[in-house]
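Below: one structure, written as structure tokens.
The values are calculated or read from the model by the stated rules, or taken from the named source; none is laboratory data. Small disclaimer: the values here were computed from a predicted structure and weren't measured. Glycine gets a Cβ as well: all are built from the backbone with ideal geometry, and neighbour counts include every protein chain shown. All accessible areas refer to the heavy atoms of the entire protein, side chains included, with ligands and DNA or RNA removed. Shrake-Rupley method; radii C 1.70, N 1.55, O 1.52, S 1.80 Å.
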Amino acid sequence: MEAQPDYIAQNRHAWNLRTGVHKDSAFYDVEAFKKGKTSLNPLELEALGDVKGKKLLHLQCHFGQDTLSWARLGAKATGVDLSDAAIELAQQLNQQLGLDAEFVCCNVYDLPQHLQGEYDIVFTSYGTIGWLPDLDKWAEVINHFLKPGGTFFIAEFHPAVWMFDNNFSYIQYPYFNTGGPIIEESTGTYTDRDAPIQYTEYSWNHALSEVMTALLKQGLQLVEFKELPYSYYNCFANMEQGTDGFWRIKGMDEKLPMMYSLNMVKV
């Protein structure tokens, strides 16, 4: 049997390069963040409510802005990411801000070997699960760390978005997770499409049914499911900002779902 490419190492390299660009970008606006600006959005803030005193585990945290924003709100927050450059930056920000967040550098699937304990909340958001080939293993990790009565929350870009080519001019990729990884030779990044970085990245599309079924099989119960026709972020090509401050694909108006969220409880 032919050996599979080491997608974890390739994606780690990609995110290490991206972190070097992202930390200085207007998109992440680290200086405003240091001065107190939250990186969290209404969708997750409204869903999770008061997190003061709660243990919160943030999967695929990038360089930790959301993790640290939860810590600012009083959560005992732990962030996890496979990029060592991102985790190093997260730890620096945590120290500079005088917060008590913790950070773990590892691939999500290996987290039970690197972290102990149960959490009141497991959280993940915006551009995370597309880097994972197997959502059953992902859901097992969530269940492993979530205490009975605890909440799992995901806010994510809608799988319909990932079917399009980069310019949103035609359907390029399948909605369903079939046929192995999507392997792309990429340059730049979503904060700067002309950034002088290049890398190979491996990703997978996940239908809503695949996401929900993986979590339901672990005994989590669905509390709320939302689909939204806009994005909080200007992170795709050909986007325009509405008077409401949200972003949509030019010419699509509100025909295309851009984001969704699942709020689930472990019983």
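Below, the figures for the structure above:
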{"quantity": "Segment 28-76 - residue that is farther than 28 Å from Y109 by Cβ and hydrophobic (A, V, I, L, M, F, W, C) and, of those, most open to solvent (accessible area, probe 1.4 Å)", "calculated": "L73"}
{"quantity": "Enumeration of residues in segment 144-184 that are open to solvent by less than 10 Å² (accessible area, probe 1.4 Å), among the hydrophobic types (A, V, I, L, M, F, W, C), over 18 Å from N234 (Cβ atoms) and in a strand (DSSP E or B)", "calculated": "L146, F152, F153, I154"}
{"quantity": "Residues within segment 206-254 that are assigned to a strand (DSSP E or B), under 22 Å from I154 (Cα atoms) and not charged (D, E, K, R), tallied", "calculated": "8"}
{"quantity": "So W247, is it among the aromatic types (F, W, Y), open to solvent by 50 Å² or more (accessible area, probe 1.4 Å) and without any contact (Cβ under 8 Å) to a residue 60 or more places away in the chain", "calculated": "no"}
{"quantity": "Residue within segment 58-75 that is assigned to a strand (DSSP E or B) and in contact with a strand residue (DSSP E or B) (Cβ under 6 Å, 6 or more places away or on another chain) present", "calculated": "yes"}
{"quantity": "Residue within segment 4-25 that is outside any helix (DSSP H, G or I), under 30 Å from G149 (Cβ atoms) and of a type outside the set (F, W, Y) present", "calculated": "no"}
{"quantity": "Pair list, Cβ < 6 Å and 6+ apart or interchain, from segment 33-45 residues that are touching a residue at least 24 places away in the same chain (Cβ under 8 Å) to residues that are of a type in the set (G, A, S) and assigned to a loop (DSSP other than H, G, I, E, B)", "calculated": "none"}
{"quantity": "Near pairs, Cβ below 7 angstrom, 6+ apart or cross-chain, from segment 215-233 (farther than 18 Å from N41 by Cβ) to any residue that is open to solvent by 80 Å² or more (accessible area, probe 1.4 Å)", "calculated": "Q218/E140; G219/V267; Q221/V267"}
{"quantity": "Checklist (1) within 16 Å of T151 (Cα to Cα); (2) under 21 Å from the mean Cα position of the chain (by Cα) applied to K217, failing item", "calculated": "(2)"}
{"quantity": "From M264, M212, M252, M258, residue being touching a His at 6+ places or on another chain (Cβ under 8 Å) and not hydroxyl-bearing (S, T, Y)", "calculated": "M258"}
{"quantity": "Given (1) within 17 Å of the chain's Cα centre (by Cα); (2) at positive phi, index of the condition F103 fails", "calculated": "(2)"}
{"quantity": "Positions within segment 86-132 being open to solvent by less than 60 Å² (accessible area, probe 1.4 Å), part of a loop (DSSP other than H, G, I, E, B) and out of contact with any Leu (no Cβ under 9 Å at 6 or more places or on another chain), in sequence order", "calculated": "Y126, G127, L132"}
